[in-house]
Every structure is written in structure tokens, then in C-alpha cells.
């Protein structure tokens, strides 16, 4: 396949996915303009509040075989790691049915894992290169990521997923209690075994990282317009401009990377993508009194626990609800409860200190895969959204795939699993 001539491309959205896409398209020689009404990496963005993990083993969708048995519990238990808000259930049911069916057998899960691994495999090195180019190499910490369990027997319950990771080439080490205490001496006595993703890493300050990437993009000639995209101007199938709150912005091509706001734009581009807010919460305890050199995830809480520039961040869990539904700050209190359980010495600081609470919208498709590639209505409009809670790890490889498709080059891996038309038009 031959590369296309340089184009003027509008990238809609300056979260981590949009930023890496803009940089990659600029590297390919295109004139690029970023359209983003808010601060890159600001508090409104999922890219600000994520769990900071760069996990090459993040290959599994949430939906696994047998999950359907747990759906009643998701509705009845407001304190569990996966919650569905009753009042929003009618609007969620179609998405939820597809979600459960997507993980109904291990063959489907393995197919999804293969596609997800293609997006995760090289991402830590790619982020390290980006951070260095942006002048912030210190924002990447490469000391592994560790899942912690009550004991090895509990770890063995999840042996199938760990062996699948191993089959893909994701290196991990089993960590016994003595070594676990050496790595994290503050960890509570309830956790006595760990499984470490050896090549995992974390971003020390995701918001600052996004801002650094924006500055890098601007230094490389990427334009930046603080406006919200509202639609497209087309002549037949050909794109002429992106319609924005400040008027039309002329371009040859456009990339939809607007996070939870992408579904409406995708629909105008001919694709009915079932996108839902996988609402994530985090709490940050400033000045915790200790460092977490290796990111942790407890088996009971299923959330990321990391040291950040702002303090100890505890982030994660899943709440399915409408975007406009008010936050349920009980979710933050649940996270703080797990933090006290993991680090008993932290309890007095939590009780006496100021804790930052955040909620954001992670754009999630029912089958666990993002949408990357050309739209159905126009060969000039491309999708690059729907990464749910793994946008940080999947962004660089998504950008490489996107740029190859825009250019007409041979893609670095099979693009078929990410085509938006899999959901219909």
C-alpha cells in the first residue's frame, strides 16, 4: 500500500488518545490541528483521573464467562467493585446484554485478548520515548505493577488469566510474603502473596503528562484551537470541515477522539457505536508518609493504588450510569476503606487530612475493544475512541494503527477487530 499525500487533519479531543494521535499524524507529515475546549489532562478528563497504570497485561475485557450470574448483585450491592445504578438501568440494558454476550465463552475472551494485546504490547517503551521527547522522563516509573492476594491459593483461582498472559509473552513473577514485605513494608497483614507484571510501569502525574505532550505537539507544529466540535461539513462522502462552536474549521480529514462525547460524532459519521460511561472514581491522600514504588492492585478491591505527585491515589472500580447522573461519593468512601485496609498506618491521615475525590467518564464499548479506523459514511472521518479504563496503555499503539490507516500504509497489526461497523450503522 502507498502512503497518502499530506493532509490537513483535525483531531477532536486532547485526552491521551487524541494527543498521541496528533503526534503520530504529525510525525507522518500531516498538518494537524487539535480541537479541545478544556485543558488537556484537566480534571474534566478521564486522562486526568485514571489509575496511572501502564500494564502490558491489560488484555482481558471485564466481561468473562459466568459474569451473567453476578448481574443481580451489581444491582443490589451498592458497595461492590461493579455497580449498576437502578435509575439508569433502562438505558443501559441494551449495552449490558451485548456486554455479557461478548464474554460468554473463553474463545471470545481469547479473541478479544489477542486484539487488546496488540494495543498493549509495546506501549511502555512507546510512552517512555514520548515522555523523554516531551522533556518529562521522570513522569514514567518502571518498577513493575503488582496484584496482591490474601495468599497463593487466592491467586490460583485466577490462574487461567495469568497463564493466558504468560502465553502472550507477558512476563510476571510470583512474590512470596517475605519479598512482598520488603517491597512494600507498609502493606497490611491481610495480603501475603503478590503477582508482579515485571514490565509494567506507571505515570506519576497523568495530567502533567498530557500537558507535556500538548506542549510537545505544539512545538512540532500541531495547531490547537480551544473549541468544541459539534459536527461535520461534507459534500457527499468527502469531508470539507469540522463544525465547531467557533465556526467551521476546514480540513481534509478528521479523527474522533473525544472520549465519552465520541458517540454522537460517530453517529453523524455513519456508525451507531454503543458507548457508555464506565464511571471511575479516585481518591488521593496527600502526604501519606510512604512511597508505593510498585503500583498495587488488591484482589478484593480491584483498584489501582499508586504514588502520584499529588499523593497516594486509589483509583478504579466500575459504575454504570448515565453521564448526567450525579456522582455517588459513597464510591470514594469505599476506596478509602480499602486504602485503610491495605495500609493500616494510613487511617489516622485519612481521618485527619484533606482527601481529594474525583469522578470521571471512561468511554466503554460492550465488547472491550476501542473503535479505530475509517467511518462508514466518509473515508475522511476516522474513529479513535472507546478505550474504557485502558486508554493510557493503549493510546500509543492506537495512534500508530490510526496513522497507518490514514496514510494507506500497511497497518502494524490487524485493524479488523476495531472497526466501528461491527456494531452496525
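Fewest Cβ neighbours within 10 Å first, please rank 20, 390 accordingly. The partial results should precede the final answer.
Values: 20 31, 390 25.
Lowest to highest Cβ neighbour count: 390, 20.
Calculate how steeply helix 391-407 sits against the longest principal axis of the alpha-carbon atoms of the chain, using the helix alpha-carbon long axis, and give the answer as 0 to 90 degrees to the nearest 10. On a 0 to 90 degree scale, this one is about 20. In the elastic network of the chain, a GNM with C-alpha springs shorter than 10 Å, the most mobile of 27, 182, 331 is 182.
Taking the Cβ of each residue in 35, 216, 19 as the centre, tally the other Cβ atoms inside 10 Å and list the residues starting with the fewest.
Working: 35 27, 216 20, 19 31.
Arranged by neighbour count, lowest to highest, 35, 216, 19 become 216, 35, 19.
Measure out, as a whole number of angstrom, how far apart the alpha-carbon centroids of the range 115-178 and the range 225-302 sit. The range 115-178 and the range 225-302 have Cα centres separated by 25 Å. Classify the chain: rounded, prolate or oblate, from the alpha-carbon gyration tensor (a ≥ b ≥ c, eigenvalue square roots; a/c under 1.5 rounded; otherwise prolate if a/b is larger than b/c)? Note, shape of the chain comes out prolate. The angle between the Cα long axis of helix 330-342 and the longest principal axis of the Cα atoms of the chain comes to about 50 degrees, rounded to the nearest 10. The order of 383, 361, going from fewest to most other C-beta atoms within 10 Å of their C-beta, is 361, 383. Counting only alpha carbon atoms, the long axis of helix 159-168 and the longest principal axis of the chain meet at about 40°.
Comparing 249, 84, 197 in a Gaussian network model of the chain where C-alpha atoms under 10 Å apart are linked, the largest mean-square fluctuation is found at 249.
Computed from the C-beta positions of residue 160 and residue 101, the FRET efficiency with R₀ = 30 Å rounds to 0.90.
Can you bin the range 1-56 into rounded, prolate or oblate? Criterion: square roots of the alpha carbon gyration tensor eigenvalues sorted a ≥ b ≥ c, rounded for a/c under 1.5, prolate for a/b above b/c, oblate for the rest. Please list the in-between numbers first.
Working: a/c = 4.18, a/b = 1.68, b/c = 2.48.
Judged from the Cα gyration tensor, the range 1-56 comes out oblate (a/c at least 1.5, b/c at or above a/b).
Highest mobility in the GNM of the chain, judged by mean-square fluctuation with C-alpha springs under 10 Å and restricted to 203, 136, 93, is found for 93.
Values quoted throughout were computed directly from the atomic coordinates according to the rules given, and no laboratory measurement underlies them. Quick caveat, the model's predicted, so the values are computed rather than measured. Every residue, glycine among them, receives a Cβ derived from its backbone with ideal geometry; neighbour counts consider all protein chains shown.
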